[in-house]
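First up is the structure itself, then whatever we jot down about it.
The values are calculated or read from the model by the stated rules, or taken from the named source; none is laboratory data. Nothing here was measured: the structure is a model prediction, and the numbers come from that model. Cβ placement follows ideal geometry from the backbone for every residue including glycine, while neighbour counts extend to all protein chains displayed. We work out accessible area using only protein heavy atoms, side chains counted, and drop any ligands, DNA or RNA first. Shrake-Rupley method; radii C 1.70, N 1.55, O 1.52, S 1.80 Å.
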Amino acid sequence: MRHRRSGRKLGRDASHRKALYSNLTGALIEHGRIRTTAAKAKEVKPVAEQMITLGRRGGVPARRQALKFLRSQDVVHKLFSEVAPRFVDRPGGYSRIVRLGPRQGDAAEMVYLELVDYVPPEVSAPPPRQRRERAEEEDQEPTAEAEPDEEPIGEPEPDEEEPATAS
């Protein structure tokens, strides 16, 4: 029985679980939003919030603690210089879980784990009018028939008619 046993094992041993939490936390700090399963997100969320709290605290000891867990100087630098200053006035609750529905292959519950101030980047697609103009330009271009560099392959045409020999 699992009475009063906190945490999920996620089918991994302890070192694999720790590496998973570290990698997911680093990805969340780096990208602002990650897509993962609900069980992983529920386990990683407190770890990520603790890292942001270390970033808010600032200083060399906090930076060393974050580096010990995240194992990436680039991620720690982004945490302390960009992410943590955005949450200075917020006393906690830096991330949220947004449910997406079941995964196609195994029906695992998928979620976005994202920072609360995350704004998705806009995908810039050309408006339909520009696409139509480009298509019209392609149609209006003169299509010059290129002369073949070589003779067409097939039966060669005789230049002169050979006289028929009478037998």
The distance between the Cα centres of segment 27-80 and segment 1-19, in whole Å, is 20
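State which entries of 9/45; 9/68; 40/78; 9/78 exceed 20 angstrom in Cα-Cα distance in the structure shown. Don't skip to the answer; put the middle values down first.
Values: 9/45 15 Å; 9/68 22 Å; 40/78 23 Å; 9/78 29 Å.
Violating the 20 Å limit, Cα to Cα: 9/68; 40/78; 9/78.
Computed FRET efficiency, Cβ-Cβ of residue 10 and residue 124, R0 35 Å: what is it to the nearest 0.05? Before the final figure, lay out each step's value.
Working: r = 38 Å, r/R0 = 1.08.
That gives a FRET efficiency of 0.40.
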HN-Hα couplings for segment 25-30 via Karplus (6.51, -1.76, 1.60; θ = phi - 60°), in whole Hz with x for Gly/Pro, come out as 5, x, 5, 5, 5, 6
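With every protein chain kept in place and ligands, DNA and RNA left out, what is the accessible area per residue of segment 68-107? Probe 1.4 Å, answer in Å².
Numbers: 2750 Å² over 40 residues.
Ligands and nucleic acids excluded, the figure is 69 Å² per residue.
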When the chain is fully extended, how far beyond the present Cα-Cα distance does residue 39 get from residue 57, taking 0.36 nm per residue of separation?
3.6 nm
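State the extension gain, in nm to one decimal, for the chain segment bounded by residue 50 and residue 78, taking 0.36 nm per residue of separation less the distance between their alpha-carbons. Don't skip to the answer; put the middle values down first.
On the way: separation 28, 0.36 × 28 = 10.08 nm, distance 1.52 nm.
8.6 nm is the gain from fully extending residue 50 to residue 78.
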Scalar couplings 3J(HN,Hα) for segment 102-115 by Karplus 6.51 cos²θ - 1.76 cosθ + 1.60 (θ = phi - 60°), nearest whole Hz, x for Gly and Pro, are x, 6, 4, x, 10, 6, 6, 5, 9, 9, 9, 9, 9, 6
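If a/c stays under 1.5 just call it rounded; otherwise compare a/b with b/c (prolate if a/b is bigger, oblate if not). Do that for segment 1-102, with a ≥ b ≥ c from the square roots of the Cα gyration tensor eigenvalues.
On the way: a/c = 1.80, a/b = 1.49, b/c = 1.21.
Note, shape of segment 1-102 comes out prolate.
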Using Cα pairs under 8 angstrom and six or more residues apart, how large is the relative contact order of segment 43-120, in percent?
26
5 Å is the cut-off here: which amide hydrogens, built 1.01 Å from N in the peptide plane, fall below it relative to residue 108, excluding neighbours closer than 5 in sequence?
103
Share of segment 1-126's accessible area from carbon and sulfur, percent, 1.4 Å?
50
